[in-house]
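The values are calculated or read from the model by the stated rules, or taken from the named source; none is laboratory data. It should be emphasised that the depicted structure is a prediction, and the values quoted were computed from it without experimental measurement. No Cβ is skipped: glycine too gets one built from the backbone with ideal geometry, and neighbour counts run over all protein chains shown. Surface accessibility is based on the protein's heavy atoms, side chains included, excluding ligands, DNA and RNA. Shrake-Rupley method; radii C 1.70, N 1.55, O 1.52, S 1.80 Å.
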Amino acid sequence: MNRRRLRARPTIADMAKAFGCVDAMLDKLSQGWIHEIQGQPVFKNPADETWYDIPAALAGWIDLWQRIATKRSLDIDLKPLAKLAAKLNHGVPLQPAEVAACIEIVTACKRAYRRMDVYEIGSLVRTQLIANEVELHGLTGVEA
């Protein structure tokens, strides 16, 4: 039997790596915790002990899952996560129901992820990282 096929589905460690950040972020928000650095909402990623800007981290996570949803024809509405990020970015108070709805979206993503091939998802993650770098450096358009 092909060894690669035996390992194609995500492991518990893969799940923790893929969802650890967003889970930690939403967990803190659901508890009413919001840290800030220079007025910007942040969270500390328990995996690498690094502080991340919540709206920017959520935007990247949403972009990745939009790419995955499109590729896999998933019916997952990520707009509530984008709305939550926008509210945090503008200092608008969050309602517990909004955070709970976002946790449910992440749970739907987890259910979908468990049925995916880790190699295919790895390829989509690399594509998203390249897209992030291109956008960061302003290389998204061609100058006339």
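Take the chain with all the other protein chains still there, run a 1.4 Å probe, and you get 65 Å² of accessible area per residue. Proximity of backbone amide H atoms, modeled 1.01 Å from N, is registered between Val42 and His35, Glu36, Ile37, Ile54 at under 5 Å, excluding neighbours fewer than 5 places apart on the same chain.
Angle of helix 79-89 to the longest C-alpha principal axis of the chain, folded into 0 to 90 degrees and rounded to 10: 40°.
Taking every lysine pair in the chain that is 8 or more places apart or spans two chains, those with Cα atoms closer than 22 Å amount to 17. Principal-axis analysis of the Cα atoms of the chain puts helix 96-114 at an angle of about 10° to the longest axis. Sequentially through the stretch 26-40, phi angles give Karplus couplings (6.51, -1.76, 1.60; θ = phi - 60°) of 5, 4, 4, 5, 5, 8, x, 8, 9, 8, 9, 10, 6, x, 9 Hz, Gly and Pro residues having no value and appearing as x.
Whenever you get a sec, compute what percent of the accessible area on the stretch 64-129 sits on carbon and sulfur atoms (1.4 Å probe). Answer for the stretch 64-129 is 56 percent, counting heavy atoms of protein chains only.
Cβ under 12 Å from Ala131's Cβ, Ala131 left aside: what net charge do those residues give with Lys, Arg +1 and Asp, Glu -1? Present the calculation step by step, with values, prior to reporting the outcome.
Details: positive: Arg67, Arg126; negative: Asp63, Glu133, Glu135.
After counting each charged neighbour, the total is -1.
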